[in-house]
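Scroll down for the structure; my scribbles are underneath it.
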Number of protein chains: 2
Amino acid sequence: MTVSMKDVAALAGVSLGTVSNALNNPHMVAPKTLARVAKAVADLDFVPSATARQLRAGRAKVIGLVVPDIANPFFTEVARGVEDAALEAGFVVILCNSDEQAEREDRYLEVLQAQRVGAILITPARQGLSPLSRLISNGAAVALLDNETAGQDVCSVSVDDTLGGRLAAQHVIDLGHSAFAWLAGPTDIPQVHDRETGIHQAARETGVPVTRMIASQMSVAAGVTAVETELASGHLPSALVCANDLLAFGAIRAILRAGLRVPQDVSIVGYDDIDFAANAAVPLTSVRQPKYELGYAAAQLVISEWGDPAAHSHQQVRFEPQIVVRESTGPAPLATLP
Amino acid sequence: MTVSMKDVAALAGVSLGTVSNALNNPHMVAPKTLARVAKAVADLDFVPSATARQLRAGRAKVIGLVVPDIANPFFTEVARGVEDAALEAGFVVILCNSDEQAEREDRYLEVLQAQRVGAILITPARQGLSPLSRLISNGAAVALLDNETAGQDVCSVSVDDTLGGRLAAQHVIDLGHSAFAWLAGPTDIPQVHDRETGIHQAARETGVPVTRMIASQMSVAAGVTAVETELASGHLPSALVCANDLLAFGAIRAILRAGLRVPQDVSIVGYDDIDFAANAAVPLTSVRQPKYELGYAAAQLVISEWGDPAAHSHQQVRFEPQIVVRESTGPAPLATLP
DNA sequence: TAGCAAAATTGAAAGGTTTCAATTCGCTGT
DNA sequence: ACAGCGAATTGAAACCTTTCAATTTTGCTA
């Protein structure tokens with residue numbers, strides 16, 4: 001049913017080893033032999049078994065991509081970058097949604113170990129890389145995605161979230177807002193933490209007060225809930241910086257529903273600059289992260305480590321975010337909100 | 001470096017075959033032996049090589065998921081369903097974005113063949129399943145995702161797009177709009193075609209005229225462009241049914257930018273009911289597809305075919321869409337638009 | 001306690017590739 | 001014509017499981 005190298009060898013009238021060389025080291029087989037093998041391959045429609053190759057090699061040209069949630073447009077873009085880099089290098093990507101649950105993450109890491117994957121790209125669900133160490137000692141090239149907490153034992157690719165936080169805060173401060181709120185997500189997410197650090201830095205340096213709200217998740221619905229709660233208590237200042245774009249969209253939704261206008265009454269800043277931000281009903285001012293590039297770079301890193309582990313030295317690649325100003329932010333209103 | 005069954009066998013003082021049985025057929029090994037093997041497995045931290053298993057079996061517990069674009073929230077949700085079903089059954093998902101390009105699709109199909117994947121879930125970039133036949137004859141279980149054009153040679157899981165189109169059209173007709181427009185995507189996309197069929201059916205049955213616009217892609221940006229062009233020519237009726245939610249968001253954006261209101265001046269209906277639709281600045285009326293369930297069902301189908309190909313008969317599973325009414329649609333305005 | 005069936009275990013083959021030491025081939029220079 | 005040499009090719013081992021026929025052990029019965 002499935003055609004193997006043996007069939008090719010038989011048809012071409014050469015040995016197994018020669019077929020293998022024709023495929024992988026063409027320079028060491030005579031041109032006429034090469035042609036015969038090529039013809040046999042074509043005639044039989046032969047595609048070598050990656051499985052067998054991997055068994056021999058001990059590790060697979062496979063990248064395990066472990067992300068909290070592929071439904072988050074940020075990770076979707078990252079995944080595209082990873083996938084493109086992988087395809088170019090003949091790697092394949094296994095998709096693993098951890099849902100931020102350590103248990104599910106562990107499950108996947110075990111699966112990836114069983115697959116003997118050559119590389120892992122992960123945004124860990126929790127601090128530390130202990131569950132990864134087993135994989136690493138088994139020879140997998142690991143890189144941390146958008147997370148550099150774990151230090152220098154592995155590669156990491158991230159965006160400077162502290163800077164991003166500063167940029168967002170500085171933008172509303174520059175617009176003249178005399179106070180603003182920070183809509184954080186779950187505080188145990190490192191990215192959220194770093195953005196908050198940047199925001200506090202900017203606030204402290206300029207003396208502008210910042211209040212803090214917490215959304216239960218990084219989702220539109222959680223943003224709606226958080227802002228509606230705040231509106232009910234009547235404390236919302238004239239500008240709001242959100243931990244990501246989804247929360248920002250939720251905030252806009254809640255504000256419009258309350259009969260207020262964006263940006264005339266409240267300015268909103270998002271974070272991530274997802275695709276949709278540019279064309280939302282109210283185009284969103286946001287901190288852009290080079291998402292695709294992040295994924296692409298991360299994949300290249302592990303692919304190169306895979307290619308020559310000895311020559312590899314772990315790197316911490318860090319991208320710079322930038323603020324993209326659109327219609328959801330504007331000058332501070334003259335009067336205080338009701 | 002990597003620990004194999006041989007190591008386990010040695011430590012437990014049994015043969016290879018016994019270890020294998022202990023792992024896969026525990027009922028046929030004596031309890032005390034089982035315990036010894038289990039202890040050795042635990043002590044050595046042994047995880048069996050999926051690669052070796054696959055080589056022996058001739059096919060891998062792997063699902064190749066080939067979609068046009070994982071960045072489209074529809075497919076993201078589908079992917080989640082596929083992934084969950086896969087994980088439960090001990091399968092792994094390889095992510096393949098075809099970008100609707102036949103060439104890239106072919107590339108991936110070859111990769112999947114090399115991997116000897118046991119199953120393929122695909123939304124084909126073009127009609128017919130000729131490029132798939134090789135995979136099928138190699139024993140892969142194939143199911144068509146959201147596409148049933150190819151007939152009865154394979155399983156398929158889809159949503160009744162014709163019905164969906166009818167529902168969308170009927171909704172605006174019920175609201176009293178005396179005419180409406182259909183914003184289609186690329187006409188060679190089967191789903192778009194079927195939705196259009198449903199729309200025409202409803203229009204014909206009720207005698208309400210429908211005009212047709214075409215967006216170059218199924219994206220927000222393309223929606224903006226298409227509607228702005230139409231607005232410039234001044235022909236936009238008071239209701240607009242869009243081929244998917246992204247186009248609908250683009251339409252809303254263009255309409256708001258033109259100084260019109262949604263739904264007071266123009267009602268907008270989307271299609272897919274992506275996550276974001278419920279919480280957009282203007283919550284979107286949309287035709288809901290059971291996306292997650294679609295993916296989950298499709299994965300179960302191929303997994304079951306994989307498990308017992310002989311007992312399997314190809315099925316065409318078809319889900320029913322339903323319309324979800326939100327704030328982007330309202331009664332027809334009394335006056336004609338300027 | 002011999003004899004037997006059932007239960008448990010073993011050992012070797014197979015699956016498709018890569019690798020590498022060993023062999024053969026084709027020439028060159030003498 | 002032939003030694004010597006590099007180039008091309010071969011054959012077998014190794015990678016890690018699963019499978020299954022063959023063998024050994026166990027637990028009974030007569």
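Confirm whether B:A243 is crowded, with 20+ Cβ neighbours inside 10 Å and over 18 Å from A:N279 (Cα atoms). Can you show your working first?
Values: crowded, with 20+ Cβ neighbours inside 10 Å: yes; over 18 Å from A:N279 (Cα atoms): no.
Considered against the rule, which asks whether it is crowded, with 20+ Cβ neighbours inside 10 Å and over 18 Å from A:N279 (Cα atoms), B:A243 comes out as no.
Taking A:T76 and the conditions (1) under 28 Å from B:R107 (Cβ atoms); (2) within 16 Å of DNA strand D (Cβ to nearest atom), which numbered condition does it fall short on, given that it satisfies the others?
(2)
Would you confirm, using the coordinates I've provided, whether A:D161 is surrounded by fewer than 24 Cβ atoms within 10 Å (Cβ to Cβ), in contact (Cβ under 8 Å) with a residue 24 or more places away in the chain and among the charged types (D, E, K, R)?
no
Could you name every one of the helices (runs of 4 or more DSSP H) located completely within region B:1-82 that has at least 2 residues being polar (S, T, N, Q) and more than 8 Å from DNA strand C (Cβ to nearest atom)? Quick ask: steps written out before the conclusion?
Numbers: elements: B:5-12, B:16-24, B:31-44, B:50-57.
The qualifying helices (runs of 4 or more DSSP H) are B:50-57.
Given (1) within 12 Å of chain A (Cβ to nearest Cβ); (2) among the basic types (K, R); (3) in contact (Cβ under 8 Å) with a residue 12 or more places away in the chain; (4) farther than 19 Å from B:T51 by Cα, identify the lone condition not met by B:R116.
(4)
Report whether or not A:L16 is more than 14 Å from chain B (Cβ to nearest Cβ) and farther than 22 Å from B:L55 by Cβ.
On the way: more than 14 Å from chain B (Cβ to nearest Cβ): yes; farther than 22 Å from B:L55 by Cβ: no.
No, not satisfied.
May I ask you to list the residues in region A:86-107 that are in a helix (DSSP H, G or I) and either touching a His at 6+ places or on another chain (Cβ under 7 Å) or surrounded by fewer than 23 Cβ atoms within 10 Å (Cβ to Cβ) (or both)?
A:L87, A:E88, A:A102, A:E103, A:R104, A:D106, A:R107
Across region B:170-195, which residue is surrounded by the most Cβ atoms within 10 Å (Cβ to Cβ) among those that are part of a helix (DSSP H, G or I) and in contact with a strand residue (DSSP E or B) (Cβ under 6 Å, 6 or more places away or on another chain)?
Going through the qualifying residues, I end up with B:V172.
Of the conditions (1) under 21 Å from A:F91 (Cβ atoms); (2) buried (at least 19 other Cβ atoms within 10 Å of the Cβ); (3) within 11 Å of chain A (Cβ to nearest Cβ), B:E77 clears all except one; give me its number.
(1)
Report yes if some residue within region A:50-58 is of a type in the set (S, T, N, Q), within 12 Å of chain B (Cβ to nearest Cβ), in contact (Cβ under 8 Å) with a residue 12 or more places away in the chain and farther than 19 Å from A:G307 by Cα; otherwise report no.
No: region A:50-58 contains no residue that is of a type in the set (S, T, N, Q), within 12 Å of chain B (Cβ to nearest Cβ), in contact (Cβ under 8 Å) with a residue 12 or more places away in the chain and farther than 19 Å from A:G307 by Cα.
Quick one: which of B:L109, B:L129, B:L95 is more than 7 Å from every other protein chain (Cβ to nearest Cβ) and either out of contact with any Pro (no Cβ under 9 Å at 6 or more places or on another chain) or without any contact (Cβ under 8 Å) to a residue 40 or more places away in the chain (or both)?
Unique residue meeting the criteria: B:L129.
What are the residues in region B:254-275 that are within 18 Å of B:A71 (Cβ to Cβ) and buried (at least 23 other Cβ atoms within 10 Å of the Cβ), if any?
Within region B:254-275, the first condition is being within 18 Å of B:A71 (Cβ to Cβ), and the residues that meet it are B:270-275.
Within region B:254-275, B:G270, B:Y271, B:D272, B:D273, B:I274 meet the criteria.
Specify which of the listed residues (A:E103, A:E88, A:E77) is closer than 14 Å to A:D146 by Cβ and charged (D, E, K, R).
A:E77
Within region B:198-219, is even one residue within 28 Å of B:S156 (Cα to Cα), acidic (D, E) and either part of a helix (DSSP H, G or I) or touching a Lys or Arg at 6+ places or on another chain (Cβ under 9 Å) (or both)? I'd like the intermediate steps shown before the answer.
Step one: filter region B:198-219 for residues within 28 Å of B:S156 (Cα to Cα), giving B:198-202, B:214-219.
Next cut, acidic (D, E) only: none.
No, region B:198-219 contains no residue that is within 28 Å of B:S156 (Cα to Cα), acidic (D, E) and either part of a helix (DSSP H, G or I) or touching a Lys or Arg at 6+ places or on another chain (Cβ under 9 Å) (or both).
Among B:T33, B:T18, B:T51, which is the only one that is within 39 Å of the chain's Cα centre (by Cα) and of a type in the set (S, T, Y)?
Residue meeting the stated conditions: B:T51.
For region A:277-317, give me the residue count where each residue is over 17 Å from the mean Cα position of the chain (by Cα), touching a residue at least 60 places away in the same chain (Cβ under 8 Å) and within 14 Å of chain B (Cβ to nearest Cβ).
1
Tally time: how many residues in region B:220-237 are outside any helix (DSSP H, G or I) and within 17 Å of B:F249 (Cβ to Cβ)?
Pass one, region B:220-237, residues outside any helix (DSSP H, G or I): B:234-237.
From what's left, within 17 Å of B:F249 (Cβ to Cβ): B:236.
Count: 1.
Does B:V224 satisfy the criteria of being surrounded by 17 or more Cβ atoms within 10 Å (Cβ to Cβ) and closer than 16 Å to B:T329 by Cβ? Before the answer, list the steps.
Working: surrounded by 17 or more Cβ atoms within 10 Å (Cβ to Cβ): yes; closer than 16 Å to B:T329 by Cβ: no.
In short, no.
Scan region A:59-72 and tell me whether some residue there is touching a Gly at 6+ places or on another chain (Cβ under 9 Å), more than 8 Å from DNA strand D (Cβ to nearest atom) and modelled with pLDDT under 95.
Looking for residues that are touching a Gly at 6+ places or on another chain (Cβ under 9 Å), more than 8 Å from DNA strand D (Cβ to nearest atom) and modelled with pLDDT under 95, one finds at least one in region A:59-72, hence yes.
The values are calculated or read from the model by the stated rules, or taken from the named source; none is laboratory data. A quick note: this is a predicted structure, and the numbers were derived from the prediction, not measured. Cβ: placed from backbone, ideal geometry, glycine included. Neighbour counts: every protein chain shown.
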